[in-house]
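Here is the structure we will look at.
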Amino acid sequence: MKPNAIFAVLACACGLSAQVATQANSTYQTGEGRKQVAAGLADPARDEKQKPRELVEAMGLERGMSVADVGTGIGYMLPFLSRAAGRSGHVFAEDIFDDFLASAKQVAENQKLNNVTFVKGTETDPNLPEGQLDRVLVLDVYHHFDYPDKMLAAIRKSLKPDGKLVIVEYYKTQEAMPNGRAMTHIRLNKPDVIKEIEGNHFRLVSEREHVPGSQYMLILAKN
């Protein structure tokens, strides 16, 4: 047996999976790169494009619910999620980078978001509380999952029996991101994203266009 074939067999036997988001994550590997990303995430014009209030309404987040923001970044969505969940609800803000979490914590402090808990995740597990979440939001983050099967398994475990996974993602088209960036930055187009997630014990409940020509929203339940 050839060496490459031997490695492939061993990898399968050990349950290993390859990193699949190397290009999408290249900018995030340095502090300077993350500062550049953060500047874009903090753009004042983002509300008009991202439609955060419409997003929260569409995902069915209500007072008293528990929701996780996976890959919270600088905490852009936290004010919207926190206010929708209300005092009796709870928000878990997760990221794998300490500098992003520090920025998100500052947002929560500045805006007195008292129902937010911050969680340090990993590339394979967001470390969310098991069986406690009504909604898990993955906003502009799914294409950054290096190990989507492991992340989806962990997210599934964190959801209540009737909980929902909400994916907001870019189309893999020339027009979806400036300068045709989506063609190299985004790993899968919508049909293949659905296929991949459904292959990991979820079922599609609904889909809609979120930002015309740019982003779509998927809502999925546990199988």
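The values are calculated or read from the model by the stated rules, or taken from the named source; none is laboratory data. Note that the structure is predicted; figures quoted are calculated from it, not measured. When we count neighbours, we look across all protein chains shown, and the Cβ atoms used for this are built from the backbone with ideal geometry, even at glycine. These accessible areas exclude ligands, DNA and RNA; they are computed on the full protein's heavy atoms, side chains included. Shrake-Rupley method; radii C 1.70, N 1.55, O 1.52, S 1.80 Å.
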- Query: Which pairs break 18 Å Cα to Cα here: Lys150/Lys222; Lys51/Lys160; Lys120/Lys150; Lys105/Lys160?
  - Reply: Lys51/Lys160; Lys105/Lys160
- Item | Partners for Lys195 among aspartates and glutamates (Cα-Cα distance below 19 Å; same-chain residues under 8 apart left out) | Asp140, Asp146, Asp149, Glu169, Glu207, Glu209
- Query: So for the pair Asn189, Lys157, with labels modelled 7 Å out along Cα→Cβ, what separation do we get in nm?
  - Reply: 3.5
- Item | Built amide H within the under 5 Å cut-off of Val211, gap 5+ | Tyr216
- Accessible area (Å², 1.4 Å probe, nearest 10) - His144: 30
- Note on the structure: Which residues qualify? For Phe118, with a placed amide H closer than 5 Å and at least 5 residues away or on another chain, they are Ala93
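Mind checking Rg over Rh on the range 170-223, alpha carbons, Kirkwood formula for Rh? Spell out each step's value before the answer.
On the way: Rg = 11.9 Å, Rh = 11.7 Å.
Ratio of gyration radius to Kirkwood radius for the range 170-223: 1.02.
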- Note on the structure: Quick calc of log₁₀ I(q)/I(0), the range 93-175, Debye, one scatterer on every Cα, no solvent, q values 0.14, 0.16, 0.24 1/Å, result -0.54, -0.70, -1.26
- Scalar couplings 3J(HN,Hα) for the range 81-90 by Karplus 6.51 cos²θ - 1.76 cosθ + 1.60 (θ = phi - 60°), nearest whole Hz, x for Gly and Pro, are 5, 4, 5, 5, 6, x, 4, 8, x, 8
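May I ask you to give the solvent-accessible area per residue for the range 123-193, in square angstrom, as obtained with a 1.4 angstrom probe?
Each residue of the range 123-193 exposes 41 Å² on average to a 1.4 Å probe.
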